[in-house]
Amino acid sequence: MAMNIDSMRELYVHTLQDLLSAEKQILEGLKQMQEAATSPDLRDAFAEHFEQTQVQAQQVERLLTSLGEKPGSEKCKGIEGIIKEGAKMIEEIDDPETLDAALITGAQK
């Protein structure tokens with residue numbers, strides 16, 4: 001689908017929708033990462049990050065609503081790829097310490 005952005009407002013809305021998509025995908029990824037983590041401290045860190053990301057997603061939704069726009073019409077392809085890469089690592093890495101290190105690097109992305 002081709003983007004047709006003809007104004008600063010349209011660019012702003014597009015950016016917010018893309019950001020909301022990213023935040024929602026990150027929430028799903030964080031759930032997977034929390035379940036896969038072997039370290040209790042790492043699981044707790046992912047849980048905390050999940051809560052913070054929920055707040056951020058809600059803030060972006062409120063911004064879009066205040067602009068009279070519907071949240072959710074964009075899909076952030078960049079985050080989609082990062083989440084898929086992380087899921088693949090979860091499946092392929094058996095060593096607990098290596099898996100936790102991979103989860104940390106994935107979360108940093």
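The values are calculated or read from the model by the stated rules, or taken from the named source; none is laboratory data. Because the structure is predicted, anything quoted here is derived from the model rather than measured. Here the Cβ positions follow ideal geometry from the backbone for every residue, glycine too, while neighbour counts run over all protein chains shown. We work out accessible area using only protein heavy atoms, side chains counted, and drop any ligands, DNA or RNA first. Shrake-Rupley method; radii C 1.70, N 1.55, O 1.52, S 1.80 Å.
Listed values, structure above:
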read-out	value
Those residues of the range 71-109 which are touching a residue at least 40 places away in the same chain (Cβ under 8 Å), within 29 Å of residue 11 (Cα to Cα) and surrounded by fewer than 14 Cβ atoms within 10 Å (Cβ to Cβ), in sequence order	72, 73, 78
Meets criteria (in contact with a Leu (Cβ under 9 Å, 6 or more places away or on another chain), assigned to a helix (DSSP H, G or I) and of a type in the set (Gly, Ala, Ser)) for residue 22	no
Qualifying residue in the range 83-90 (condition: modelled with pLDDT of 95 or more and in a helix (DSSP H, G or I))	no
Condition broken by residue 5, with the remaining ones in (1) open to solvent by 60 Å² or more (accessible area, probe 1.4 Å); (2) of a type outside the set (Phe, Trp, Tyr); (3) in a helix (DSSP H, G or I); (4) touching a His at 6+ places or on another chain (Cβ under 9 Å) satisfied	(3)
Search result, residues across the range 52-70 that are in a helix (DSSP H, G or I), over 17 Å from residue 27 (Cβ atoms) and without any contact (Cβ under 8 Å) to a residue 12 or more places away in the chain	65, 66
